[in-house]
């Protein structure tokens, strides 16, 4: 088994935070653990480390189930677990793809840990696709979200089908008023890191932006131009609004990606990847992106629509000022709108220039490569290809993400056209493939 220090090295982390250390210590006891900590404080690692210590090498069957409220969080958690470099297998399960394919994967890799959304885990349990009697540990990440209306019954059903649970680990960025009895919590250790200067709110500067019209599109576009190439998440209250805002910004030649629950999973993943790697600096989303997404270094949160409640406001703002960073929150309001009562301190007014600068272009662009892991193509192959055939330098290649049948790679935008001309018709590892800019 790897040591904690070796795992942290694999994750490129120097040391645990106070919250993660406290969770690691509590995770070794017999009590169930409730961990309350702000968005972006590293709760995933806080439970994965003690979870890992609870796994037994040589034991057959699924030993732990992790429940999450979204597909993206399931995928991110699976990636983090795999990056830890342990001998244990993990897999994610979620709706939007065939459950039969997931069952085949289960039979093939024999996972010790399954990470999934409540509905899909229920589906597998109901079909007896894995043996529930071997599951000793249950984690509910973002449990306040999981227990909202719509997840409540599914959560109850999942837990009722796990008869041998010995340990429960519940995590949230907000304090729930009441935890339902069906969670089965017995003796608990409660770790509350929601107070103090470590809160993101202590590092966020808030502003109001006045829109002269009820339709805030022009004001938003001007604000984004003033913010330049800084990374910004724009929150809307409805899917239709996300699409409308994205269309308008595109018409104004302001590069952006959109993200909401009605999109195909592949489109959501592509949008997230372009935003993460810096090839698109503006991310338009519903509250689906307010939690559960691993997006580092967001400079600005923009409330195009005011959030429905204080909890939504907290989670949206939690997208910025992650870890020890600082960030900005902008609330766009028109004359007939009033700030909600839960905003206690009046934000400063942010003045919009009458003639803002032209839209800034992101530093990076994303290439799509039509070969992946199943074709025996890895990150080193792609980087070497771009160095040799594309004549790119190391600092001109950004994040490389290799999937089963394709890959994404960020390259310096200024070199995009030249690189595409150089690599046109070239093969990667002897394989002919499509290479083009991701739209």
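A short reminder: the numbers here are calculations on the coordinates, not readings from a lab. No experiment lies behind these values; they were computed from the predicted model shown. Glycine gets a Cβ as well: all are built from the backbone with ideal geometry, and neighbour counts include every protein chain shown.
Considering only 232, 211, 70, give the residue with the highest GNM mean-square fluctuation for the chain, with springs between Cα atoms whenever their separation is below 10 Å. It is 211. Hey, with R₀ at 30 Å, roughly what FRET efficiency would residue 244 and residue 99 work out to, going by the Cβ-Cβ distance, to 0.05? Efficiency computed from Cβ-Cβ geometry: 0.30. The separation of segment 338-415 from segment 228-253, counted between C-alpha centres, amounts to 17 Å. Between the alpha-carbon centers of segment 64-79 and segment 100-173, tell me the distance in whole angstrom. Distance between centres, Cα-based: 10 Å. Between residue 110 and residue 395, residue separation times 0.36 nm minus the direct Cα-Cα distance comes to 98.7 nm. Taking the DSSP beta bridges with both ends in the chain, the antiparallel portion is around 20 percent. Once the Cα-Cα distance is subtracted from the 0.36 nm per residue extended length, the residue 229 to residue 1 segment shows a gain of 77.7 nm. Would you mind telling me which residue in 335, 271, 290 has the biggest mean-square fluctuation in a Gaussian network model of the chain, where springs connect alpha carbons within a distance under 10 angstrom? Comparing 335, 271, 290 in the GNM, the peak value goes to 335. Here the Gaussian network model covers the chain, with springs between Cα atoms less than 10 Å apart; of 345, 287, 299, 345 fluctuates the most. Annotation: peptides 407-414, 1-8, ranked by per-residue average of other Cβ atoms within 10 Å with the highest first, follow the order 407-414, 1-8. To the nearest 0.05, what FRET efficiency results for residue 175 and residue 378 with a Förster distance of 35 Å applied to their C-beta separation? Here the calculated transfer efficiency is 0.20.
Evaluate the distance, in nm, between pseudo-label points positioned 7 Å from the Cα of residue 15 and of residue 251 along their respective Cα→Cβ axes. Distance between label points: 5.4 nm. The stretch between residue 82 and residue 310 holds 78.6 nm of extra length on full extension. This uses 0.36 nm per residue minus the Cα-Cα distance.
In the chain, helical runs assigned H by DSSP with n ≥ 4 each contribute -39500 (n - 2.57); averaged across all residues and rounded to the nearest 500, the mean residue ellipticity at 222 nm is -9000 deg cm²/dmol. Modelled this way, with points 7 Å down the Cα-to-C-beta line, the labels at residue 266 and residue 358 are 3.5 nm from one another.
What FRET efficiency do you get for residue 53 and residue 424 if R0 is 51 Å and r is their Cβ-Cβ distance, rounded to the nearest 0.05? In this case the efficiency is close to 0.50.
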